[in-house]
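Written out below as structure tokens is the structure these notes cover.
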């Protein structure tokens with residue numbers, strides 16, 4: 001057992017100074033995102049599997065719920081979010097498992113950058129993958145069911161929901177890949193924690209799709225914002241504990 | 001193996017006594033509720049169990065944070081003890097609530113803020129124990145589970161409020177409940193005494209079990225160390 005001499009307050013203090021002295025913080029985040037995008041562009045493993053998986057989930061919902069026009073009216077928001085959440089888990093698992101398996105995570109940790117830069121880099125690249133998948137699911141769903149899902153409000157809600165989802169998801173998948181049960185563990189850890197995101201996102205999305213007033217939707221959007229802010233801040237604070245050896 | 005400290009022995013006896021006394025108060029002292037009759041009696045233990053479950057949940061989160069600051073494995077033992085005990089108490093609270101809900105609401109379960117939140121809380125605890133099982137290194141296990149209980153302790157209250165945004169039928173016995181709550185009743189002074197006595201009794205039982213579980217954790221740590229030495 002290693003006993004760390006530094007306390008949490010020292011962590012914060014050192015981090016604060018690294019922000020001030022280290023102008024390359026944003027640069028290192030950018031480098032990690034770039035690395036992820038390039039390697040994905042070459043292998044196309046992650047996006048392909050996420051997309052195929054997302055379409056399969058929609059297919060299953062189609063037959064499981066018999067999506068006729070009246071069911072779709074109430075179920076669309078739920079189906080979309082269930083699809084995003086499941087496909088997202090797949091992506092999160094893969095993205096961090098790749099880092100772990102090829103020893104890339106250890107090298108990243110050895111690099112002289114702030115640990116939180118690694119977190120934000122991974123989080124943003126996960127977010128990009130998730131948004132790409134969502135950007136493909138939306139038009140496909142629109143065509144399949146002859147509706148228009150390209151409503152500005154809905155896209156805003158999806159963005160906010162995805163941010164909260166990957167904020168917690170990146171943290172928890174970094175944890176999950178370091179355990180024995182890894183892939184199995186991530187959904188079990190992640191789903192109970194992201195319930196508020198799911199509730200708020202589904203409620204807001206279905207409100208927007210059903211043409212509700214902004215007054216009725218606003219509490220859920222506020223909830224999404226609050227959740228995003230709290231959990232990004234929290235993940236930023238505890239990420240060091242997850243990767244420290 | 002160290003013998004149980006005297007205080008713990010006293011707590012053992014006290015827990016048993018208080019539990020029996022609470023049982024006696026519930027069935028002999030507290031008056032029958034007019035509409036729900038005997039069904040309402042389960043309420044005293046239901047509230048007490050839920051209260052203790054919440055207490056343990058807070059204790060686990062606090063112990064987790066202290067561990068992250070101090071890196072002392074004793075706090076990890078405290079944390080996992082709180083998680084395990086709360087898991088059981090909360091399960092009892094949920095089951096007792098379901099038994100009460102069947103005659104009062106006409107259903108065992110409904111997706112209502114408190115019920116849903118309680119269910120999610122159980123899932124967070126179970127996930128936490130599964131997480132711990134998957135890690136061998138005690139230091140890493142302690143860090144991960146501390147971080148996870150911290151996440152849970154912030155997410156679960158938000159869950160409660162997010163579901164509360166729609167509406168609730170769960171009766172609010174203390175304070176003002178919502179107009180749509182079903183199965184609510186006014187408590188007579190005797191009922192109040194019984195409820196607070198149950199709360200107190202279960203708190204003592206919680207402390208006793210907590211202590212025992214912490215001792216167990218310390219003993220198994222000693223066993224692990226001996227195994228390593230061999």
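The values are calculated or read from the model by the stated rules, or taken from the named source; none is laboratory data. Predicted model, so just to flag it, every value in this text is computed and none were measured. Here the Cβ positions follow ideal geometry from the backbone for every residue, glycine too, while neighbour counts run over all protein chains shown.
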| Just checking, which of B:88, B:156, B:65 is in contact with a helix residue (DSSP H, G or I) (Cβ under 7 Å, 6 or more places away or on another chain) and at pLDDT 90 or above? | B:65
| Out of (1) within 11 Å of chain B (Cβ to nearest Cβ); (2) buried (at least 24 other Cβ atoms within 10 Å of the Cβ); (3) more than 16 Å from residue B:155 (Cβ to Cβ), the odd one out for residue A:241 is which? | (2)
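Residues checked against (1) surrounded by fewer than 20 Cβ atoms within 10 Å (Cβ to Cβ); (2) over 15 Å from residue B:201 (Cβ atoms):
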residue: B:3; (1), (2): yes, yes
residue: B:47; (1), (2): no, no
residue: B:52; (1), (2): no, no
residue: B:66; (1), (2): yes, yes
residue: B:89; (1), (2): no, no
residue: B:92; (1), (2): yes, no
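Yes/no matrix, rows are residues, columns are (1) part of a helix (DSSP H, G or I); (2) surrounded by 22 or more Cβ atoms within 10 Å (Cβ to Cβ):
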{"residue": "A:174", "(1), (2)": "yes, yes"}
{"residue": "A:183", "(1), (2)": "yes, no"}
{"residue": "A:188", "(1), (2)": "yes, no"}
{"residue": "A:192", "(1), (2)": "yes, yes"}
{"residue": "A:201", "(1), (2)": "yes, yes"}
{"residue": "A:211", "(1), (2)": "no, no"}
{"residue": "A:220", "(1), (2)": "yes, yes"}
{"residue": "A:237", "(1), (2)": "yes, no"}
| query | Of all residues in the stretch B:125-152, how many are more than 7 Å from chain A (Cβ to nearest Cβ), within 17 Å of the chain's Cα centre (by Cα) and buried (at least 23 other Cβ atoms within 10 Å of the Cβ)? | reply | 3
